[in-house]
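Reviewing the structure listed below.
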Amino acid sequence: LNNMGSIYREQKETDQSIHCYQQAITHNQNHAEALNNLGAVLTEKEDPEQGIQQLEKAIQLRPHYAEAHRNAGSCYLLLEHYAKAETAFNLALNYKPDFAEAMLGLAALEQEANNYASAEKLIRQALTINNSLVAAHCQLAALQGLKGFPEQAFNHYEQALALDSQDISAHLGKSHLHTEQGQLDEAEHCLQQALILDPDSLAARLSLAQLKKVDADDSNFTALKTTEKTLGKHATTKAIALHFALGKCHDDIGDYKISFSHFLEACRLKREKIHYSKADNTLATLNIMSSFTPELIEKLQGHGHSSSLPIFILGMPRSGTTLTEQIIASHPHCHGAGELPDMSHIAKNLPEDQGIQKNTALVYPQTIHHVLPEQLAQLGEQYVRGLLSRQLDAHFITDKMPSNYFYLGLIHLILPNAKIIHVKRNPVDTCISGFSKLFKRGQHHSYDLTEQGHYYRDYANLMQHWREVLPRSAFYEIQYEDLVSDTERQARSLISYCGLEWDDACLQFHTHQRTVRTASVTQVRQPIYQTSVERWHRYENQLEPLLDALGNLVPERS
């Protein structure tokens, strides 16, 4: 029965394989191989909560079972239990040193931590062991996409499909890459191919729901509603994604009450899985404000690197930073690099980089007090080197990591000639836009209305601090609502601030071919639309916790 299950699994007959493995376990509850295989298939079927139960039983029976440890690591990765995942993958390699699939697991963890070089090294090591490993080609493709090399990414997806034309993850990966490139028809074709291979692929159906606006009789929408009825009560990971997708679909057709109920359930389930403290965020914000004083700014100002290559676009997530970048990146002299982690790495590594004692308890932002004026230029040069290493041929390169507002003071000190653009949006619209999205990583404040409001207040307080301690010319501010209602005037002002001559291409941003990896990936492929302005009124009756947390920041209450 176990062997029969593996045959069905090889043939992509997932339900049949699960049935065979379950039958094998019924006959022998100590069948470690069947438990491992069942756990692996359940994980592939996007049900890691059930998968890990089987895998832990297999490991209990056979503690040195490398395959079970590797599969457990994959489960923990999906469940965002990263420390447990790392332990599991390392145990797998301990028991089987040339285990390429376990190396891919560690590579995924490195990628999650934005350690792209380490991730690529592990993937290539796995390919050295087994160049026919489809998962390795898919993982390398995804990594190349993240690094901004779409041609190389497509090449590795094609290699994966040449090895196995029925590999769902390769079709899904290609679809995601096409979406980032603005090739939405090609993206939809890849998703349809995935659904031909596996009509029950929830990942494909979820991506299809996000790709375009649906109507009430959309077949994919109907399939998602059917999936909801058959969903097991323990399939939390699957349920989270499903409720976000159903919320989006019901919003598309104007069923706002039903839509919001799905968003609430999705966020409730997601919030239960993550750790977030609004008190910790407030403390971190206050620490930045108390560290970056007018005296510190005066002491360190004017010593940074002279480069004017970077353009930073920052603000709250879902505030319009992607649209702003798309307009600027449509200029022939600009390149949009997307959300780069580089500035946060520089900030967090100040102690190491600047020779502060390793055993010190100091962390950013306190470490800024130990930076000497002459070291600021080195930090600025480090950031610019990172941009240049991406081999982008442009006079200006944008970095639209929204959370760089935490480092606005540091950016000003190490790169005084860099342009910095702060994008503002109606606080309630900003928060509700985040609340209705499942982020790939981070943004843990987004899954509770009260915490969303508190996070926004911290952000608003910090931005007011930067206005007070930095020179008035340090950064430029633009209102999202003005950008969508008076696009040409605002776009011309933006381009002028960046020191560029006007180019009409900036108004055709939705046709510009570049990689976009944010939650706004499909929106910026459309001409300007105003349906996102005052969107929160659709849900007004259910937003009391958010409105109370925002207080006088709500325009109607100020």
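Values in this text are rule-based calculations from the coordinates and carry no lab data. Quantities reported herein were computed from a predicted structural model and do not represent experimental measurements. Because the Cβ atoms are built from the backbone with ideal geometry, glycine has one as well, and the counts that use them run over all protein chains shown.
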Quiz item: How high is the relative contact order of region 100-259, given as a whole-number percent (alpha carbon pairs under 8 Å, six or more residues apart)?
Solution: 12 percent
Quiz item: What's log10 of I(q)/I(0) for region 293-557 at q = 0.08, 0.11, 0.16 Å⁻¹, Debye sum over Cα points only, no solvent?
Solution: -0.33, -0.63, -1.28
Self-check item: Given charges at Cβ of Lys, Arg, Asp, Glu: region 293-557 dipole, positive-most of L483, P317, G386
Solution: G386
Quiz item: What does the charge dipole of region 208-284 about its Cα centre add up to, to the nearest 20 debye, if the Cβ of each Lys and Arg holds +1 and the Cβ of each Asp and Glu holds -1?
Solution: 320 debye
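What is the magnitude of the charge dipole of region 293-557 about its Cα centre, with +1 placed on the Cβ of each Lys and Arg, -1 on the Cβ of each Asp and Glu, and no other charges, expressed in debye to the nearest 20?
That gives a dipole near 500 debye.
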Quiz prompt | Residues in region 127-156 reached by a label modelled at E186 [backbone nitrogen below 14 Å; 7 Å Cα→Cβ] | solution = 145, 149-156
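To the nearest 20 debye, what is the magnitude of the charge dipole of the chain about its Cα centre, counting +1 on the Cβ of each Lys and Arg and -1 on the Cβ of each Asp and Glu?
With Lys and Arg at +1 and Asp and Glu at -1, about 720 debye.
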Quiz item: Between S132 and K229, what length in nm is gained on full extension when 0.36 nm per residue of separation is reduced by their alpha carbon distance?
Solution: 31.0 nm
Exercise. For E540 and S306, compute 0.36 nm times the residue count separating them, minus their Cα-Cα distance, and round to one decimal in nm.
Key: 79.5 nm
Quiz item: Taking the simple approach of a point 7 Å from Cα along Cα-to-Cβ for both A162 and H369, what is their distance in nm?
Solution: 5.9 nm
Practice problem: Normalising by the residue count of region 293-557, find the relative contact order in percent from Cα pairs under 8 Å and 6+ residues apart. | Solution: 30 percent
Quiz item: Taking a spot 7 Å from the Cα of N94 along the direction of its beta carbon, which residues of region 45-82 have an amide N less than 16 Å from it?
Solution: 59-73
Quiz prompt | Length-normalised contact order of the chain in % [C-alpha pairs under 8 Å, at least 6 apart] | solution = 12 percent
Exercise. Please name which of M343, N426, H412 has its Cα lying farthest along the dipole of region 293-557 towards the positive end, using unit charges on Cβ (Lys, Arg +1; Asp, Glu -1) and the Cα centre as origin.
Key: M343
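Determine the calculated [θ] at 222 nm for the chain from helices alone, applying -39500 (n - 2.57) to every DSSP H run no shorter than 4 residues and normalising by the residue count; nearest 500 deg cm²/dmol.
So the calculated ellipticity at 222 nm is -18500 deg cm²/dmol.
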Quiz item: Measuring from centroid to centroid over Cα atoms, what is the spacing of region 20-70 and region 539-556 in Å?
Solution: 47 Å
Exercise. Show which lysines lie in cross-link reach of K419 when reach means a straight Cα distance below 24 angstrom and same-chain residues fewer than eight apart are skipped.
Key: K147, K299, K348, K400
Exercise. May I ask you to list the lysines whose Cα is less than 23 Å away from that of K84, ignoring any residue fewer than eight positions away on the same chain?
Key: K45, K57, K96, K121, K238, K270, K273, K440
Practice problem: Give me the number: length gained by fully extending D280 to N461, i.e. 0.36 nm times residue separation minus the C-alpha to C-alpha distance, one decimal in nm. | Solution: 63.7 nm
Quiz item: Label E56 and L197 with points 7 Å out from Cα along Cα→Cβ: what is the distance between them in nm?
Solution: 3.2 nm
Quiz prompt | Computed Kirkwood radius, in angstrom, where 1/r is averaged over Cα pairs of region 97-162 | solution = 11.4 Å
Quiz item: Among all the aspartates and glutamates, which ones have a C-alpha under 14 Å from K229's C-alpha, if same-chain residues fewer than 8 places away are not counted?
Solution: D200
Exercise. Towards the positive end of the charge dipole of the chain, with charges on Cβ (+1 Lys, Arg; -1 Asp, Glu), say which of H370, L449, Y276 has the farthest Cα.
Key: H370
Quiz item: In whole Å, what three semi-axes, largest first, describe the equivalent ellipsoid of region 178-223 built from its Cα gyration tensor (square root of 5 times each eigenvalue)?
Solution: 17, 14, 8
Quiz item: Taking 1 over the mean of 1/r across every pair of different Cα atoms in region 405-445, what Kirkwood radius in Å do you get?
Solution: 12.7 Å
Quiz item: Could the peptides 405-412, 35-42 be put in order, highest first, of the mean number of other beta-carbon atoms found within 10 Å of their residues?
Solution: 35-42, 405-412
Practice problem: Would you please put 487-493, 374-380 in order of how densely packed they are, using the mean number of other Cβ atoms within 10 angstrom per residue and starting with the highest? | Solution: 374-380, 487-493
Quiz prompt | 20 Å binning of all Cα-Cα separations within the chain, expressed as whole percents from 0 upward | solution = 19, 53, 26, 2
Quiz item: How big is the Cα convex hull of region 61-129 in projection, averaged over all directions, in nm²?
Solution: 4.2 nm²
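If you count, for each residue, the other Cβ atoms within 10 Å and average over each peptide, how do 131-141, 302-312 line up from highest to lowest?
131-141, 302-312
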